[in-house]
Amino acid sequence: MELIINKNETKNVVLLNSTEEQIRIVQNEESSICVHFIDLFPQAVQVSRNVVVEQVGKNSQVQLFAMGYLQQKQQINFVSNVLHNCPWGHSEQLLKYVLTDTASFSFLGKVYVAPNAQKIVAQQTNKNILLSPQAKVQTQPQLEIYADDVQASHGASTGAFDENMLFYFLQRGIARPTAEKMLIRAFYHEIIETLPTEYQTEIEKEFATNDNLL
C-alpha cells in the first residue's frame, strides 16, 4: 500500500485487522495524516508489518496509532520508520498491545531526523500488558537525529496488570474477569478516543460482546 499525501491535504486511515505488510506514506508540504491499526483478529495470524513515512515537504504531521489484543499463537511484528527530511515536521507514534496465551508482539520503531530538518517534534511510545507468562514482547524504539533544534522522545513499557487496581475492583464485588476487561478498556482509551466515531462504536461493541477479549 502506498499513500501520497498532497500539499495541504489531510487524510485519516483506519486499518482494521489488516494483513497488509508494506505500507509507505509520502507527505508533501503542509500535509497531515492519521493512521490507526486495530488488531483484534478472530483467527490465527502472523503479520510482519513494515510502515515507512517519508516527510518530503515542510510542516507535515503524521500520527501512527496501533492497538491490539493478541491471543493463542497470534504474532505481529511491527516495524516503523519515520523519516523527517524537512523542517517543522511532527510525528506521533503510540502503540498499545495486550497479549495472552502464547501470543507474541515485537516493535522496532525508528525516527530519523535529517541534518537540515530543524524544529522537529517527534514522540514514540509503546506500552504492553502481558496476561500470560508465555506471552512475549520485544520492543526497541530508536532515535537517529542529525539536527540541533529538535524535540524528540521515546519510551516503552511491558508488564502485568496493576494488582492494586484489581484489588480495588474485587473489594467492590466485581468479578476478576470483568475487572480485567474494564482495565483493558481503560488501557486502550487513549487510542480509542482518537478514532472516528463509527469505529469507536464498533470497538465498544466488540468489547461488550466478544468473550474472547479476555
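The values are calculated or read from the model by the stated rules, or taken from the named source; none is laboratory data. The structure displayed is predicted, hence computed values, not measured ones. Note that each Cβ is placed from the backbone with ideal geometry, even for glycine, and that neighbours are counted across all protein chains shown.
What residue, among those in the stretch 1-15 that are part of a strand (DSSP E or B) and touching a residue at least 24 places away in the same chain (Cβ under 8 Å), is surrounded by the fewest Cβ atoms within 10 Å (Cβ to Cβ)? Show your work before the answer.
So the first thing to find is which residues in the stretch 1-15 are part of a strand (DSSP E or B), and the list is 2-5, 10-15.
With the extra rule that they be touching a residue at least 24 places away in the same chain (Cβ under 8 Å), the set shrinks to 2-5, 12, 14.
Values: Glu2: 9, Leu3: 14, Ile4: 13, Ile5: 24, Asn12: 14, Val14: 16.
So the residue we want is Glu2.
Of the conditions (1) in a loop (DSSP other than H, G, I, E, B); (2) within 24 Å of Lys96 (Cα to Cα); (3) touching a strand residue (DSSP E or B) at 6+ places or on another chain (Cβ under 8 Å), Pro42 clears all except one; give me its number.
Status for Pro42: all satisfied but (3).
Does Ile191 qualify as being of a type outside the set (Phe, Trp, Tyr), in contact with a strand residue (DSSP E or B) (Cβ under 7 Å, 6 or more places away or on another chain), over 30 Å from Ser60 (Cα atoms) and not in a loop (DSSP other than H, G, I, E, B)?
Details: of a type outside the set (Phe, Trp, Tyr): yes; in contact with a strand residue (DSSP E or B) (Cβ under 7 Å, 6 or more places away or on another chain): yes; over 30 Å from Ser60 (Cα atoms): no; not in a loop (DSSP other than H, G, I, E, B): yes.
No, not satisfied.
Go through the stretch 151-165 and give me each residue that's surrounded by 12 or more Cβ atoms within 10 Å (Cβ to Cβ) and touching a helix residue (DSSP H, G or I) at 6+ places or on another chain (Cβ under 9 Å).
Within the stretch 151-165, Phe161, Met165 meet the criteria.
If only one of Ser18, Ser80 is part of a loop (DSSP other than H, G, I, E, B), hydroxyl-bearing (Ser, Thr, Tyr) and within 30 Å of Ser132 (Cβ to Cβ), which one is it?
On the way: Ser80 fails: part of a loop (DSSP other than H, G, I, E, B).
None of the others qualify; the one that does is Ser18.
In the stretch 146-183, what residues are assigned to a strand (DSSP E or B) and either closer than 25 Å to Asn77 by Cβ or at pLDDT below 90 (or both)? If you could, list the steps in order and put the result at the bottom.
Filtering the stretch 146-183 for residues assigned to a strand (DSSP E or B) gives 150-159.
Those that are assigned to a strand (DSSP E or B) and either closer than 25 Å to Asn77 by Cβ or at pLDDT below 90 (or both): Ala152, Ser153, His154, Gly155, Ala156, Ser157, Thr158, Gly159.
Which number in (1) surrounded by fewer than 18 Cβ atoms within 10 Å (Cβ to Cβ); (2) in contact (Cβ under 8 Å) with a residue 40 or more places away in the chain marks the one condition that Lys96 misses?
(1)
Among the residues of the stretch 76-83, is any surrounded by 19 or more Cβ atoms within 10 Å (Cβ to Cβ), under 16 Å from Asn116 (Cβ atoms) and modelled with pLDDT of 95 or more? Working first, answer last.
Taking the stretch 76-83 first, the residues surrounded by 19 or more Cβ atoms within 10 Å (Cβ to Cβ) are 76, 78, 80, 82-83.
Then drop every residue that is not under 16 Å from Asn116 (Cβ atoms), which leaves 83.
With modelled with pLDDT of 95 or more added as a condition, the list becomes 83.
Yes, there is a match, as at least one residue in the stretch 76-83 is surrounded by 19 or more Cβ atoms within 10 Å (Cβ to Cβ), under 16 Å from Asn116 (Cβ atoms) and modelled with pLDDT of 95 or more.
Which condition does Tyr199 not pass, out of (1) within 22 Å of Thr100 (Cβ to Cβ); (2) in contact with a strand residue (DSSP E or B) (Cβ under 6 Å, 6 or more places away or on another chain), if it passes all the others?
For Tyr199, the exception is condition (1).
Touching a residue at least 24 places away in the same chain (Cβ under 8 Å), β-branched (Val, Ile, Thr), within 15 Å of Glu92 (Cα to Cα) and surrounded by 17 or more Cβ atoms within 10 Å (Cβ to Cβ), is that true of Val51?
Working: touching a residue at least 24 places away in the same chain (Cβ under 8 Å): yes; β-branched (Val, Ile, Thr): yes; within 15 Å of Glu92 (Cα to Cα): yes; surrounded by 17 or more Cβ atoms within 10 Å (Cβ to Cβ): yes.
Answer is yes for this residue.
Give me the residue from the stretch 131-143 that is in contact with a Gly (Cβ under 9 Å, 6 or more places away or on another chain) and either within 25 Å of Gln118 (Cα to Cα) or free of Cβ contacts under 8 Å to residues at least 12 places away in the same chain (or both) and, out of that set, surrounded by the most Cβ atoms within 10 Å (Cβ to Cβ). Working first, answer last.
We begin by selecting, within the stretch 131-143, every residue in contact with a Gly (Cβ under 9 Å, 6 or more places away or on another chain); these are 139-142.
Remaining after also requiring either within 25 Å of Gln118 (Cα to Cα) or free of Cβ contacts under 8 Å to residues at least 12 places away in the same chain (or both): 140-142.
Values: Gln140: 13, Pro141: 19, Gln142: 13.
Looking at the filtered set, the residue picked out is Pro141.
Any idea which of Tyr146, Tyr188, Tyr168 is within 16 Å of the chain's Cα centre (by Cα), surrounded by 11 or more Cβ atoms within 10 Å (Cβ to Cβ) and not small (Gly, Ala, Ser)? Show your work before the answer.
Details: Tyr146 fails: within 16 Å of the chain's Cα centre (by Cα); Tyr168 fails: within 16 Å of the chain's Cα centre (by Cα).
Among Tyr146, Tyr188, Tyr168, only Tyr188 is within 16 Å of the chain's Cα centre (by Cα), surrounded by 11 or more Cβ atoms within 10 Å (Cβ to Cβ) and not small (Gly, Ala, Ser).
When Ile203 is evaluated against the numbered criteria (1) part of a helix (DSSP H, G or I); (2) at pLDDT 85 or above; (3) of a type outside the set (Asp, Glu), which criterion, by number, is the only one it fails?
Going through the list (1) part of a helix (DSSP H, G or I); (2) at pLDDT 85 or above; (3) of a type outside the set (Asp, Glu), Ile203 breaks only (2).
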